[in-house]
Structure formats: structure tokens, C-alpha cells
Amino acid sequence: MVDALGKILGEEVVRIAGTIHSTDQAQIWGKQQVVTCPGRKVEPGPLPRKEHKWEDSDPVGIRLSLLMINDFALAGVSGEVMTMIHEHLKKRATSSRTVMVTHANGSSGYIPDDAAFEQISYEITTSQLKPGCAENAIVNGFLKLMEQH
């Protein structure tokens, strides 16, 4: 299985490499900002457990770093962002070539999308964020940064 997956990956790399064209004309632009969301933490108690209760905590700053290279957008977030936030950004981004880079310029912990808060998992119970803020703050923050470019 590992050999087969390695072969598939290698063939894809060769296919994509053949489509890359370099240029000596590049525009580079970057900007960053911090968005803040309400914080929470799990109330103390034994682990593992079936029921979790949260208490308010300090607000959490999430650093957004945008690097544009021509029409290619590298969107850096200071935490581990769940996939659906990246998908949400890609749907609304002005650049069709948008890639999210996580764990960039700081550590805001796990950053779940709004729907993910409905389930209990390690990432949800250890996230320092209250539901309902981070997904839109990240997506809208990047969209505003892209408008400035």
C-alpha cells in the first residue's frame, strides 16, 4: 500500500512539475492583523469524561498573515485551523489560488469551524475559543486583507 501511494504521489508531482512556468516578473505584498475572539476553558475535573462544562476565559488573539505573490495567496493563521475554515475561505477568496498555512506566527491552539463545536473531540475540548467567532473572523479578516492588495 505504501509503495502504491508513493507511486501515485510521485506521478502527480511529475505531472504538475511539467505545468510550472517561471517568470522574472513578480509582485510581492504582505500584511497581517490580529483578530480577537471570546475565550473559554474546560472546567476542572477528571479525564476522560462524557460531560464537559466550560467557563469563560481570556479572549484569544488569532494572527492573520497574508502574503500575495502575484495572484497566489498564502493565508497564514496562528493556530491549527480545521479544514472547513480553509474551504470557506477558498470559496469566498478573490484569488482562486489561495492556500492556508497553519501554525504561522504564533499559537492560538485548535481553531474549529462553527459546525465542529457540535461534536465532542479532543480538538473541541482543548480549544480555547468559544463557538461562533473564529471561522467568520478568519475568513472575513483575510477577505479584507485581500481587498487592500
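The values are calculated or read from the model by the stated rules, or taken from the named source; none is laboratory data. If you're wondering where the values come from, they're calculated on a predicted model, not measured in any experiment. Note: ideal-geometry Cβ built from the backbone for every residue, glycine included; neighbour counts use all protein chains shown.
Restricting the range 102-123 to residues that are more than 15 Å from the chain's Cα centre (by Cα) and under 21 Å from D56 (Cβ atoms), which is surrounded by the fewest Cβ atoms within 10 Å (Cβ to Cβ)? Of everything passing the filter in the range 102-123, E118 is surrounded by the fewest Cβ atoms within 10 Å (Cβ to Cβ). Cβ-Cβ contacts under 7 Å between residues 6 or more apart (or on different chains), taken from a first residue in the range 129-144 that is under 13 Å from A116 (Cα atoms) to a second residue that is among the small types (G, A, S), are listed as L129/G39; K130/G39.
For the range 9-35, how many residues are of a type in the set (V, I, T) and outside any loop (DSSP other than H, G, I, E, B)? Before the answer, list the steps.
Taking the range 9-35 first, the residues of a type in the set (V, I, T) are 13-14, 16, 19-20, 23, 28, 34-35.
Remaining after also requiring outside any loop (DSSP other than H, G, I, E, B): 13-14, 16, 28, 34-35.
Qualifying residue count, the range 9-35: 6.
Against the condition among the β-branched types (V, I, T) and in contact with a Gly (Cβ under 9 Å, 6 or more places away or on another chain), how does T102 come out, does it pass? Yes; evaluated as a whole, the condition is true for this residue.
So that you can scan it fast, the table gives a plain yes or no per residue for (1) surrounded by fewer than 20 Cβ atoms within 10 Å (Cβ to Cβ); (2) more than 10 Å from the chain's Cα centre (by Cα):
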position: W29; (1), (2): yes, yes
position: P38; (1), (2): yes, yes
position: S57; (1), (2): yes, yes
position: L66; (1), (2): no, yes
position: L89; (1), (2): no, no
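Residue pairs whose Cβ atoms lie under 9 Å apart, sitting 6 or more positions apart in sequence or on different chains, and linking a residue in the range 57-76 that is touching a residue at least 60 places away in the same chain (Cβ under 8 Å) and over 18 Å from P112 (Cα atoms) to a partner that is part of a strand (DSSP E or B) and of a type in the set (D, E, K, R), are L66/K31; M68/K31; A73/R97.
Just to be sure, is I138 under 15 Å from T36 (Cα atoms), touching a helix residue (DSSP H, G or I) at 6+ places or on another chain (Cβ under 8 Å) and part of a helix (DSSP H, G or I)?
Numbers: under 15 Å from T36 (Cα atoms): yes; touching a helix residue (DSSP H, G or I) at 6+ places or on another chain (Cβ under 8 Å): yes; part of a helix (DSSP H, G or I): yes.
So I138 passes the test.
All of (1) in contact with a His (Cβ under 9 Å, 6 or more places away or on another chain); (2) modelled with pLDDT under 90; (3) under 15 Å from H149 (Cβ atoms) hold for L66 with one exception: (2).
Taking only the range 1-53 into account, find how many residues are closer than 28 Å to Q128 by Cα and in contact (Cβ under 8 Å) with a residue 24 or more places away in the chain.
Step one: list which residues in the range 1-53 are closer than 28 Å to Q128 by Cα, which gives 30-53.
From what's left, in contact (Cβ under 8 Å) with a residue 24 or more places away in the chain: 30-42, 52.
The total comes to 14.
One residue stands out in the range 124-149 among those that are surrounded by fewer than 15 Cβ atoms within 10 Å (Cβ to Cβ) and of a type in the set (D, E, K, R): the one that is farthest from E87 (Cα to Cα), namely E147.
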